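Student: My questions will all concern the structure given below.
The values are calculated or read from the model by the stated rules, or taken from the named source; none is laboratory data. Remember, predicted model here, so these are calculated numbers, not experimental data. All Cβ positions, even for glycine, are placed from backbone atoms using ideal geometry, and neighbour counts span all protein chains on display.
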C-alpha cells in the first residue's frame, strides 16, 4: 500500500501590518475580495488536505472576513512577539488534526496562484514529502513552503522573531527549489 502524507496548510495571518498603515492589510480588497480570503482561495488545492489560519492582530475582524470558509482557526495571543509563535501554534495544530507534513504561507500574497501552490505541493509529494520544498522566483525564495514531518517538532518550538529559516537551514537533506512559478509567490503587499 502506498504511503500517504496528509498535508495541512498553515496560513500565517497574525501580524500587525505595521508597514501598511492604520488599516489591517488582510482586510484590503483585491479584486473585490478581502486579501486574506483571496490568499486562502489560492491555497485550496486538491494536494492540500486541510487548512489552519493563525490569527492575532484584530482577530475578530479578520475572522469576519473568513466567514463561510472551511478552516480551522488558532489565535496567537502573543502575536506581537513575532512570527515564531504563530508558526509554532500552526505546527502543533497540524499535528493535532492528524497532518503528517505542513505547507506554510504568508497571508499578504494577494497574487498567489493556485497553479503555483499545486506545483510546489506536487514537487514536495514527488520527493515523498521528505524534503523541504519552496518556490524560487528570480533567485528569491517564496511561499508556500512545504515541511516534512520531521520538521514539525522544531517548528513547534519556535518563538518570538524566530522564523522558519532556522529550521530550513538546519535540515539535513537538500532542499527542493521549484522554478517556473509566478511572481505571486514573492510579491507581498506591504504598503497601502
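Student: Looking at (1) crowded, with 16+ Cβ neighbours inside 10 Å; (2) over 13 Å from the mean Cα position of the chain (by Cα); (3) closer than 17 Å to residue 12 by Cβ; (4) in contact (Cβ under 8 Å) with a residue 40 or more places away in the chain, which is the one condition that is false for residue 148?
Tutor: Among (1) crowded, with 16+ Cβ neighbours inside 10 Å; (2) over 13 Å from the mean Cα position of the chain (by Cα); (3) closer than 17 Å to residue 12 by Cβ; (4) in contact (Cβ under 8 Å) with a residue 40 or more places away in the chain, the lone unmet condition for residue 148 is (3).
Student: Here's something else I'd like to know. Just give me the residues in the range 151-165 being surrounded by 14 or more Cβ atoms within 10 Å (Cβ to Cβ) and outside any loop (DSSP other than H, G, I, E, B), in sequence order.
Tutor: Selection gives 151, 152, 154, 155.
Student: Out of curiosity, is residue 120 under 25 Å from residue 45 (Cα atoms) and part of a helix (DSSP H, G or I)?
Tutor: So residue 120 fits the description; yes.
Student: Also: Only one of (1) crowded, with 23+ Cβ neighbours inside 10 Å; (2) under 20 Å from residue 189 (Cα atoms); (3) in contact with a strand residue (DSSP E or B) (Cβ under 7 Å, 6 or more places away or on another chain) is not met by residue 133, so which one is it?
Tutor: Status for residue 133: all satisfied but (2).
Student: Now, a different point. Scanning the range 72-103 for residues that are out of contact with any helix residue (DSSP H, G or I) (no Cβ under 7 Å at 6 or more places or on another chain) and under 22 Å from residue 184 (Cβ atoms), which turns out surrounded by the fewest Cβ atoms within 10 Å (Cβ to Cβ)?
Tutor: Selected residue: 83.
Student: Go through (1) surrounded by fewer than 19 Cβ atoms within 10 Å (Cβ to Cβ); (2) under 22 Å from residue 165 (Cα atoms); (3) in contact with a strand residue (DSSP E or B) (Cβ under 8 Å, 6 or more places away or on another chain) for residue 56 and report which single condition fails.
Tutor: (1)
Student: Now a separate question. Here are some residues: 143, 111. Which one is within 23 Å of residue 160 (Cβ to Cβ), in contact with a helix residue (DSSP H, G or I) (Cβ under 8 Å, 6 or more places away or on another chain) and assigned to a loop (DSSP other than H, G, I, E, B)?
Tutor: After applying the criteria, what remains is 143.
Student: Continuing with this model, one more query. Mind checking which residues of the range 166-179 are touching a strand residue (DSSP E or B) at 6+ places or on another chain (Cβ under 9 Å) and either part of a loop (DSSP other than H, G, I, E, B) or within 18 Å of residue 89 (Cβ to Cβ) (or both)? Give the steps one after another, and end with the answer.
Tutor: Of the residues in the range 166-179, the ones touching a strand residue (DSSP E or B) at 6+ places or on another chain (Cβ under 9 Å) are 167-168, 171, 175-179.
167, 171, 175, 179, listed by residue number.
Student: Look through the range 72-92, keep the residues that are touching a residue at least 60 places away in the same chain (Cβ under 8 Å) and under 13 Å from the mean Cα position of the chain (by Cα), and return whichever of them is nearest to residue 56 (Cα to Cα).
Tutor: Taking the candidates together, the pick is 86.
Student: Just for the range 6-27: of the residues that are part of a loop (DSSP other than H, G, I, E, B) and buried (at least 17 other Cβ atoms within 10 Å of the Cβ), which one is modelled with the lowest pLDDT?
Tutor: Ranking the candidates gives 17 first.
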